[in-house]
Amino acid sequence: LLCSSTAALMALAWAVRKLMKRKFVRAKHHAEALEQMEKAVQQFKKENPDVQISHILSLPLLELVEKLREGSLSPESVLYSYIEKALEVNQEVNCVTAFIPSCLHHIQEMRNQKKGLLYGVPISIKDHVVCKGYGCICGSGQKLSLLEQEESVLVRVLRSQGAIPFVKTNTAQCVINYDCSNAIYGQTLNPLNRKKSPGGCSGGEGALIAGGGSILGFGLDVGGSIRLLSSFCGLCGLKPTSDRLSYLGVSGPAHCLQTGVMGPIARDVDSLALCMRALLCEDMFRLDPTVPPIPFNMEVFSSPTPLRIGFYSLDDYFLLPPCVTRAVHETRLLLEEAGHTMIPFVPPSVEYAMNSLFVKGLFADSGCASSDTRKLDSLEPGCSHPVCCDELPAVLKKILACLTKLLVSALAFTTSWPERRRLVHPGMHNNLLALSGKVYRWEFITRWKNLDLDVVLCPVLGPAFTLGYLETNLATLSSTMLYNILNFPAGVVPVTVVTEADEEQLQLYSGYLDEPWDKKLRKAVEGAVGLPVAVQCVALPWQEELCLRFMKEVERLTCEK
């Protein structure tokens, strides 16, 4: 026994030393890459002193693309401008995991190619997206020494359209998280307020774009990440229908492959529409035959026909802060004044969707896949609760399941504890979950169709949380998770900011039952005066163009008020 214990300790010590060596090597390579890009920028500025960097950075994407296509701006000047800004933003908020030096060579290759819809546009991508020759660390020490040998379909299509992937951005250690931090690259801050989080798990994208270091980026939405960071950072983000964009070449835990969706993030809705139009092309359909060959429908996106819009600000599951309710109410009034028909909508059985579909589906493998990627890693505080539950011995899980059932019966377990309920059925079969999900989805669509709705206006979690918010209550994410369960396209548009009156109202906030996590949420969103507050726009599956059109209308009316 003593010999076995000694051998085990020696093996563990060896593994830890190996991991630390990997971290040191990665940190060294990271610093060298930053230095290389800094030198390249200074050399370019020395050779091109007349480049107006501030002017380039101020251009909206549509205007930037037009100037690149007509030749009044060169791809080099745009790329180096954004590299310099990204270096600056990264120093302030720590959002970059890797610069992609090959982007400098890619410009030369583009000159002999047909100019695509994103010709010369520098783009950022979340660390989960595979780029050939670069690692997908995803906040995990297990992947530190791995270099990818293939390119993701998303990156290949972007390159074919003339885009230049130039940087990869930080992610949370856990894919379901309000924050963006991991043991490899550290904490990412919100550029709008460095005491706040940029959102998770794609927070690096939000921080870089909000800070001006990128004009277009891509995130991974498992339970609301794209929409959460957009809400926290005042950006526009779209979660498409699953399989509308290819998922081939996206790295991450196994459960992400079932619920995760890649989507674009930008400063305005027109940028999202241009991006979707560029991606939904023959190259995408050829490289990934599982993507339905449905090109972007500009006629739907540009239609002036008034919409029938369902709306709700409460889902009777988790009460969001007062500023969020106000944002939905004010947006509803603007849409009504603009001639759209507003119809109250009540989403059916949100408690069932969260407790019996999302949470149990997310942990149907008892967390085996995600915990495997975190072996030997030091856990971030926001991940410790779910990971510890995942890694409990099977016997202990069964005992806890029995005790939890008794507690449910005795105390009439409330609807705001969904993550505890997953212990009741830790091994629920995926096929049963899929069948239940289809039934619920049809129930939701039936209610939608009975009201003859085009789209739905609803809340999204916000404003940005204070750093160090460690509560892992998944109920807080019901506003976004619901549409991952349903697989509906959903986007976020900022419409207002937190006011002093909102802060006063927040002191009276107690959720539905004044439970401990309601008090923690109040603490998390305090001190947010001046930070953005957003709304969520939803359409039926495969109707991204209609969703974007609705988002554009909300954006237009908000800017005009």
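A few notes on this one:
- Flag for Val300 being at pLDDT 95 or above, in a helix (DSSP H, G or I), in contact with a Ser or Thr (Cβ under 6 Å, 6 or more places away or on another chain) and not small (Gly, Ala, Ser): no
- Matching residues, the range 453-502, being in contact with a strand residue (DSSP E or B) (Cβ under 6 Å, 6 or more places away or on another chain), assigned to a loop (DSSP other than H, G, I, E, B) and surrounded by fewer than 23 Cβ atoms within 10 Å (Cβ to Cβ): Leu453, Asp454
- Residue in the range 65-78 that is open to solvent by less than 70 Å² (accessible area, probe 1.4 Å) and within 30 Å of Gly186 (Cβ to Cβ) present: yes
- Flag if Leu220 is touching a residue at least 40 places away in the same chain (Cβ under 8 Å), closer than 27 Å to Leu357 by Cβ and more than 13 Å from the chain's Cα centre (by Cα): no
Yes/no matrix, rows are residues, columns are (1) over 23 Å from Arg267 (Cα atoms); (2) out of contact with any strand residue (DSSP E or B) (no Cβ under 7 Å at 6 or more places or on another chain); (3) part of a loop (DSSP other than H, G, I, E, B); (4) modelled with pLDDT under 95:
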position: Ser510; (1), (2), (3), (4): yes, yes, yes, yes
position: Asp514; (1), (2), (3), (4): yes, yes, yes, yes
position: Lys519; (1), (2), (3), (4): yes, yes, no, yes
position: Arg522; (1), (2), (3), (4): yes, yes, no, yes
position: Gln536; (1), (2), (3), (4): no, no, no, no
position: Leu540; (1), (2), (3), (4): yes, yes, yes, no
position: Arg549; (1), (2), (3), (4): no, yes, no, no
position: Lys552; (1), (2), (3), (4): no, yes, no, no
position: Glu555; (1), (2), (3), (4): no, no, no, no
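- Of all residues making up the range 90-133, the number that are farther than 17 Å from Ser152 by Cα, of a type in the set (A, V, I, L, M) and buried (at least 22 other Cβ atoms within 10 Å of the Cβ): 4
- The range 494-525: number of residues that are within 23 Å of the chain's Cα centre (by Cα) and closer than 26 Å to Cys236 by Cβ: 8
- Among residues of the range 316-342 that are farther than 23 Å from Asn355 by Cβ, those with a Cβ under 7 angstrom from a residue that is among the basic types (Lys, Arg), sequence gap 6+ or separate chain, pair up as Leu334/Lys561; Thr341/Arg308; Met342/Arg332.
- Of everything in the range 329-358 that is over 21 Å from Phe444 (Cα atoms) and hydrophobic (A, V, I, L, M, F, W, C), the residue that is most open to solvent (accessible area, probe 1.4 Å) is Leu333.
The values are calculated or read from the model by the stated rules, or taken from the named source; none is laboratory data. Note that this is a predicted model, so its numbers are computed, not measured. Note that each Cβ is placed from the backbone with ideal geometry, even for glycine, and that neighbours are counted across all protein chains shown. For accessibility, only protein heavy atoms count, side chains too; no ligands or nucleic acids. Shrake-Rupley method; radii C 1.70, N 1.55, O 1.52, S 1.80 Å.
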